[in-house]
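Engineer: Dropping a structure here in structure tokens format, bear with me for questions.
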Amino acid sequence: MTPARLLMLALALAPAGAAAQAPASPPPAGPVRPAAFPPFQEAVLPNGIRMLLVENHAQPVVSLTLSLPAGSRYDPAGKEGLADMVAGLLTKGAGKRSADEMAAAIEGVGGSLSADADAEFLTIRANTLTPDAALGFALMGDAAIRPALADSELGLLRTQTLSGLQLELSQPASLAARYFARAVYGAHPYGRSSSPESVRAITRDDLLRFQRARLRPAGALLVVAGDLTLSAARQLAAQAFSGWTGTPAAAAPAAAPPVPSRTSILLVHRPGSVQSNIVIGNTTFLPTDPRGYALTVANRVLGGAASSRLFMILREQKSWTYGAYSDISEPRSIGTFEARTEVRTEVTDSALREILVQLRRIRSEPVPASELDAAKNSLVGSFPLSIQTATQVAAAVTSARLLDRPADYLATYRTRLSAVTAPALRAAARAAIRPDAGVIVVVGDGTRLYDKLRAIAPVRIIDAEGKPVAPADLVVAAAALPLDVGKLVARRDSFAVMVQGRPFGAQLSTLELTDSGFRYTEETHIPMAGVQQVTTLDLDKAAGVRHVVQAGTAQGKETRIDIVYAGGRARGSAATPGKDGTIQTVTVDTTVAAGSVDDNGILALLPALPWKAGARWTIPVFMSGQGTAGQMTLAVSGADSVTVPAGTFAVYRAELTGGPQPLTFFVTTAAPHRLVKVTVPGTPIEIQLVK
């Protein structure tokens, strides 16, 4: 029976007058009641640990959260990232168990064990079924008190951390967040962040000193949520943390964040960027400030969701971006407000001006009742979804207590939000959103942005590494690569494409000497990913590109590039996958800077570079698949010994940045400077030389 016929039947069978009795409009919403939150029970263990129990026997699960004042704000200068690395190693071997044994123990009972660090606190979490709660407590105790912090695990974690950092520092959104924190917090610890140099400087002795100084029971908070009584929780905690004593080392007072008198712009110059990342904001107030409820509603109106003002105006009305949002952060110390978006380079100044208009509007105009009610209803209605499980309850209770919020904060959160009025919202916005005395960070191509941005506010320019850039230096002519073409000899190299250490495909690269110069061919076959591609570049005798042809398939879709370089121009067409996976077709007919390298030919030229420690080259690149020009940087970051199927080699490690995806090359230190491995930071993908 169709839905329409079913509806007609229901109406036919309804009692006479039923339609007349149906209400013409939905009934009004009832009053918002306090959240039905389980009561807390508190205890202080003999060694000083504060324990909170949120008892709930609805399900046979127990969630444990141990938080200690050992976040990144306590990292020593020059060792930024230390707290994160300590947290990363606590569950990689502790007590009498190795990393594998710890994982097997908790996974064998269907539980989980993890640790992480934020700016203020290092937190260890364990989740188990009720019969296995003792194991969860025991593993947590071992992790906090008796971590192995093994050199072998440190080496692995360092490699993973550096890989993640390389990826992070290549992403404009990450750069914007990093430099916004630095600008808005200044010398306050919240403004610091790890770097490759600081991560490489961390030793096992640093880990041990930090763990012994900061991971102490006095000042620690243990939250137990779920199917456990107070007496049982106290007994299990006493066993797990037996013999653990002490108080964390005192920390130096934090410097106060700067208080700008006017808004300024920090422009992070990223040559060749076709988009700009914008972050605007300022410091706000402590999480205990009662204005926080009204500010939460103001943020929801302004940019807290896809139905908020920034999103609707910048995306739906202007079509400048895929999304525009705002956020408030509430760490234990001073918090921040920020609005952010990513837009096309050509509309960067327009988008920035519009965001400033909306920030001023939320401060100066009363929010209409319909908009205010919609924001409050959304926040009030979604809150119960965030405290459904024992794990969520433990997280919510932990956050509230660590931020020194009132004991009834969670129970009354919904009623306090519901009580926010338009005048209170406006007052909170005026106090916490300061578009004319804040910080603006823009990450993008400074050559196209500087003049437009300085018409909005004073501009200071840095590069992606934080080094000052003068306006006159924005346009840096990238010189042709210093190639020794005599080192380009005929070769044929076979590579294995590996994912998580397993073969996933193959690549064959060939360099041939021709009468007119060189021919480089690269064949890639990754059947499991649906990729098959052959690229051929013809180079002249000076290794300048003359013609690039690429043909293949990606996920069953044909791809192609056919570009001719002549007379300082590139002409042809390309059809390559876009960000959304669809094939994007471009017609190319444009000037190309002298000495430019086709992005498909960089690997062919590696042997001809003058390799040495600390070498760094700025490469003028034409990305033939997109028909755009730009710059990439290839920098030697160190020396290693790597083992691949073809053998063990002494290599230079070199980072290629500026393209759509950062890459790390491993090139032999000895001539002919053979490429033996390529990694993609932040992914499990490697390309390894086979023969």
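The values are calculated or read from the model by the stated rules, or taken from the named source; none is laboratory data. Since the model is a prediction, treat every value here as computed from it, not as a measurement. Using ideal geometry, Cβ is built from the backbone for each residue, glycine included, and neighbour counts are taken over all protein chains shown. Each accessible area value is taken on the protein alone, full model and side chains, heavy atoms only, with ligands, DNA and RNA left out. Shrake-Rupley method; radii C 1.70, N 1.55, O 1.52, S 1.80 Å.
Engineer: Can you tally the net charge around THR296? Count Lys and Arg as +1, Asp and Glu as -1, for every other residue whose Cβ sits under 10 Å from the Cβ of THR296.
Structural biologist: Computed value for this residue: +3.
Engineer: A further question follows. Based on the Kirkwood radius over alpha-carbon pairs, what value in µm²/s does the Stokes-Einstein equation return for the translational diffusion coefficient of region 442-495 at 25 °C and 0.890 mPa s?
Structural biologist: 167
Engineer: In addition: How far is it, in nm, from the label point at LYS557 to the one at ALA431 when both lie 7 Å from their Cα along the line to the Cβ?
Structural biologist: Calculated label separation equals 5.1 nm.
Engineer: Of the listed peptides 443-449, 526-532, what is their order by residue-averaged count of other C-beta atoms within 10 Å, with the highest listed first?
Structural biologist: Top to bottom by mean Cβ count within 10 Å: 443-449, 526-532.
Engineer: Could you provide, to the nearest whole Å², the per residue accessible area of region 55-201 with probe 1.4 Å?
Structural biologist: 39
Engineer: So how much slack lies between ALA472 and ALA639, counting 0.36 nm per residue of separation and subtracting their Cα-Cα distance, in nm?
Structural biologist: Taking ALA472 through ALA639 to full extension adds about 56.6 nm, to one decimal.
Engineer: Relative to the Cα centre, what is the charge dipole magnitude of region 149-211, using +1 at the beta carbon of each Lys and Arg, -1 at the beta carbon of each Asp and Glu, and rounding to the nearest 20 debye?
Structural biologist: 200
Engineer: Shifting gears a bit: Wrap a convex hull around the Cα atoms of region 76-159, take a quarter of its surface area, and give that in square nanometres.
Structural biologist: Working: hull surface 23.5 nm².
Taking the Cα atoms of region 76-159, their convex hull projects to 5.9 nm² on average.
Engineer: Of the peptides 142-152, 82-92, how do they stack up when ordered by the mean number of other Cβ atoms within 10 Å, highest first?
Structural biologist: Top of the packing list down: 82-92, 142-152.
Engineer: Shifting gears a bit: Can you tell which of MET528, ALA298, ALA104 lies farthest toward the positive end of the dipole of the chain, using +1 and -1 charges on the Cβ of basic and acidic side chains (Lys, Arg; Asp, Glu)?
Structural biologist: ALA298
Engineer: Averaging over all projection directions, find the projected area of the Cα convex hull of region 366-491 and quote it in nm² with one decimal place.
Structural biologist: Reported value for the Cα convex hull: 17.4 nm².
Engineer: Just by accessible area at a 1.4 angstrom probe, what is the order of GLU330, GLU101, GLU153 from largest to smallest?
Structural biologist: Accessible-area ranking of GLU330, GLU101, GLU153, largest first: GLU101, GLU330, GLU153.
Engineer: Per residue, what accessible area does region 466-528 have, given a 1.4 Å probe and all protein chains present, in Å²?
Structural biologist: Each residue of region 466-528 exposes 59 Å² on average to a 1.4 Å probe.
Engineer: Just need the Rg to Rh number for region 112-253, please, alpha carbons only, Kirkwood Rh.
Structural biologist: 1.02
Engineer: State the percentage of accessible surface on region 342-483 attributable to carbon and sulfur atoms; use a 1.4 Å probe and exclude ligands, DNA and RNA.
Structural biologist: Working: 3520 of 6500 Å².
That share works out to 54 percent.
Engineer: For the chain, build the convex hull from the C-alpha positions and give me its volume per residue in Å³.
Structural biologist: Expressed per residue, the convex hull around the Cα atoms of the chain is 214 Å³.
Engineer: Give me the distance in nm between label points sitting 7 Å out from Cα along the Cα-to-Cβ direction at LYS541 and MET312, one decimal.
Structural biologist: 6.8
Engineer: Relative to the Cα centre, what is the charge dipole magnitude of the chain, using +1 at the beta carbon of each Lys and Arg, -1 at the beta carbon of each Asp and Glu, and rounding to the nearest 20 debye? Write out the running numbers ahead of the final one.
Structural biologist: On the way: 66 positive and 57 negative charges, 236 e Å.
Around 1140 debye, computed over the chain.
Engineer: Also, quick follow-up: Over region 491-530, what percent of the accessible surface lies on carbon and sulfur atoms, probe 1.4 Å?
Structural biologist: On region 491-530, the fraction of accessible area on carbon and sulfur atoms equals 53 percent.
Engineer: Right, next: Roughly to the nearest percent, how much of the accessible area of region 60-99 is carbon and sulfur, given a 1.4 Å probe?
Structural biologist: That share works out to 52 percent.
Engineer: Please list, in order, the residues from region 437-458 whose amide nitrogen is less than 18 Å from a point placed 7 Å along the Cα→Cβ vector of THR590.
Structural biologist: 444-449
Engineer: Based solely on its DSSP helices, what 222 nm [θ] is calculated for the chain when runs of n ≥ 4 H residues each add -39,500 (n - 2.57) and the sum is averaged over all residues, nearest 500 deg cm²/dmol?
Structural biologist: The helix-only estimate for the chain comes to -8500 deg cm²/dmol at 222 nm.
Engineer: Determine how many Å³ per residue the convex hull of the Cα atoms of region 532-691 encloses.
Structural biologist: Taking the convex hull of the Cα positions in region 532-691, it is 125 Å³ per residue.
Engineer: Between LYS96 and VAL109, what length in nm is gained on full extension when 0.36 nm per residue of separation is reduced by their alpha carbon distance?
Structural biologist: Separation in residues times 0.36 nm, less the Cα-Cα distance, equals 2.8 nm.
Engineer: Please list, or write none, the aspartates and glutamates whose alpha carbon is within less than 15 Å of the alpha carbon of LYS96, excluding same-chain residues fewer than 8 places away.
Structural biologist: ASP142
Engineer: Moving on to the next point. Report the dimensions of region 515-625 along its three principal axes from the alpha-carbon atoms, largest first, rounded to Å.
Structural biologist: Reported extents, whole Å, longest axis first: 40, 33, 30.
Engineer: How large is log10 of I(q)/I(0) for region 420-536 at q = 0.11, 0.12, 0.15, 0.17 Å⁻¹ when the intensity is taken from the Debye formula with one equal scatterer per alpha-carbon?
Structural biologist: The Debye formula, applied to the Cα set alone, gives -0.79, -0.83, -0.90, -0.95.
Engineer: Specify which residue in the list TYR190, ILE602, THR633 is farthest towards the positive end of the charge dipole of the chain, using unit charges on the beta carbon of Lys, Arg (+1) and Asp, Glu (-1), about the Cα centre.
Structural biologist: Value: TYR190.
Engineer: Under 26 Å between alpha carbons, and skipping anything fewer than 8 positions from LYS557 in its own chain: which lysines qualify?
Structural biologist: LYS557 reaches LYS579.
Engineer: Continuing with the same structure: Any chance you could list P(r) for region 147-189, counting all Cα-Cα pairs in 5 angstrom bins from zero, rounded to whole %?
Structural biologist: 5, 19, 16, 15, 17, 13, 12, 2
Engineer: Suppose all protein chains stay in the model; what accessible area per residue would a 1.4 Å probe give for region 628-691, in Å²? Display every interim value, and only then the final one.
Structural biologist: Working: 2560 Å² over 64 residues.
Value returned for region 628-691: 40 Å² of accessible area per residue.
Engineer: Rounded to the nearest 20 debye, what is the charge dipole size of region 192-322 about its Cα centre when +1 sits on each Lys and Arg Cβ and -1 on each Asp and Glu Cβ?
Structural biologist: I would put it at about 220 debye.
Engineer: Give me the tail of P(r) for region 583-652 as a percent: Cα-Cα pairs with distance above 15 Å. Working shown, then result.
Structural biologist: Working: 1562 of 2415 pairs.
The answer is 65 percent, as a whole percent.
Engineer: Separate question: Positive end of the charge dipole of region 413-511 (Lys, Arg +1 and Asp, Glu -1 on Cβ, about the Cα centre): tell me which of SER418, VAL443, ILE456 has its Cα farthest that way.
Structural biologist: Farthest towards the positive pole: SER418.
Engineer: Straight-line reach from LYS318: which aspartates and glutamates fall under 20 Å, measuring Cα to Cα and dropping same-chain residues less than 8 apart?
Structural biologist: Within the straight-line limit of under 20 Å, LYS318 reaches these aspartates and glutamates: GLU342, GLU346, ASP349, GLU354.
Engineer: Sort 232-244, 104-116 for me by packing, meaning the mean count of neighbouring Cβ atoms within 10 Å per residue, highest on top. Don't skip to the end; give the middle numbers.
Structural biologist: Details: 232-244: 17.5, 104-116: 16.0.
Those peptides, ordered most packed to least, come out 232-244, 104-116.
Engineer: May I ask you to give the average projected area over all directions of the convex hull of the Cα atoms of region 37-193, in nm² rounded to one decimal?
Structural biologist: Averaged projected hull area, Cα only: 11.9 nm².
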